[in-house]
Amino acid sequence: MSLRPEEVIQKFRETGALLEGHFVLSSGLHSGVYLQCALVLQHPREAEALGRAIAETFQTENIQTAASPAIGGLIIGHEVARALGARFIWTERENGTMVLRRGFSVSTGERVLVVEDVVTTGGSTRETIAALQNYGANVIAAASIIDRSSGKADVGAPRIALATLDVPSVDPAVCEACKRGEPAIKPGSRKPN
Ligand SMILES: [Zn+2]
């Protein structure tokens with residue numbers, strides 16, 4: 001790949017998309033790493049480079065369409081599609097179920113690559129793949145910028161990531177930083193001044 005994992009992580013550090021410390025994640029779990037892909041993807045040039053790096057792996061796969069779960073996958077999925085010369089569509093939740101809306105459709109056997117920003121449990125990727133398969137798509141693979149699952153997430157299709165983060169998220173009851181008395185920060189929400 002044109003971007004080595006260290007270079008990907010470096011982009012995240014430089015843009016504040018990867019913070020190290022003691023954090024409360026939106027899941028309620030505690031972690032030594034906080035990841036906010038939007039902070040690297042707010043820079044179109046970085047988004048384009050990351051999209052191109054993912055696309056390289058699938059250059060010979062004849063991908064017709066890249067598809068992403070909204071909102072997290074939208075920017076990177078679009079960049080991957082651009083680099084592959086493919087179409088880009090997204091799934092979103094309707095009454096809790098991942099569906100295609102806005103007139104989007106796939107044809108039977110259409111070769112689709114599912115793209116996410118980060119895979120943690122693989123849940124939204126798995127749901128997106130299942131939804132597209134229900135519409136008749138041939139889901140070739142799934143890809144993300146970051147794999148937070150240490151390679152363990154099973155999404156029901158072959159999967160690649162540009163970089164893997166091997167940092168556990170733990171229940172506060174067993175958090176080592178909490179035991180040391182370090183305050184946990186809840187990043188990500190900021191009210192206007
Ligand atoms: Zn903690």
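Just give me the residues in the range 54-65 being more than 15 Å from VAL118 (Cα to Cα) and buried (at least 17 other Cβ atoms within 10 Å of the Cβ), in sequence order. Of everything in the range 54-65, those that are more than 15 Å from VAL118 (Cα to Cα) and buried (at least 17 other Cβ atoms within 10 Å of the Cβ) turn out to be ALA55, PHE58, ILE63, GLN64, THR65.
Among the residues making up the range 24-47, those that are buried (at least 17 other Cβ atoms within 10 Å of the Cβ) and of a type outside the set (A, V, I, L, M, F, W, C) are HIS30, SER31, TYR34, GLN36, GLU46.
PRO158 falls short of the stated requirement of being within 16 Å of the ligand (Cβ to nearest atom) and surrounded by fewer than 19 Cβ atoms within 10 Å (Cβ to Cβ). Of all residues in the range 154-170, none that is on the phi < 0 side of the Ramachandran plot has its Cβ atom under 7 Å from the Cβ atom of a residue that is within 16 Å of the ligand (Cβ to nearest atom) and of a type in the set (D, E, K, R), 6 or more apart or on another chain.
Among the residues of the range 76-87, those identified as surrounded by fewer than 23 Cβ atoms within 10 Å (Cβ to Cβ) and either without any contact (Cβ under 8 Å) to a residue 24 or more places away in the chain or closer than 18 Å to ILE146 by Cα (or both) are HIS78, GLY85, ARG87. Only one of the numbered conditions (1) of a type outside the set (Phe, Trp, Tyr); (2) touching a helix residue (DSSP H, G or I) at 6+ places or on another chain (Cβ under 7 Å); (3) more than 20 Å from GLU61 (Cα to Cα) is violated by GLY156, and that is (3). I need the full set of residues from the range 18-44 which are more than 28 Å from GLN59 (Cα to Cα), touching a helix residue (DSSP H, G or I) at 6+ places or on another chain (Cβ under 9 Å) and assigned to a loop (DSSP other than H, G, I, E, B), in order please. Result: GLY28, LEU29. Yes or no: ALA173 free of Cβ contacts under 8 Å to residues at least 40 places away in the same chain, within 16 Å of the ligand (Cβ to nearest atom), assigned to a helix (DSSP H, G or I) and aliphatic (A, V, I, L, M)? When the stated conditions are applied, ALA173 passes them.
Quick note: the coordinates plus some simple rules give every number you see, no bench work behind them. The structure displayed is predicted, hence computed values, not measured ones. Cβ atoms come from the backbone with ideal geometry, glycine included; neighbour counts cover every protein chain shown.
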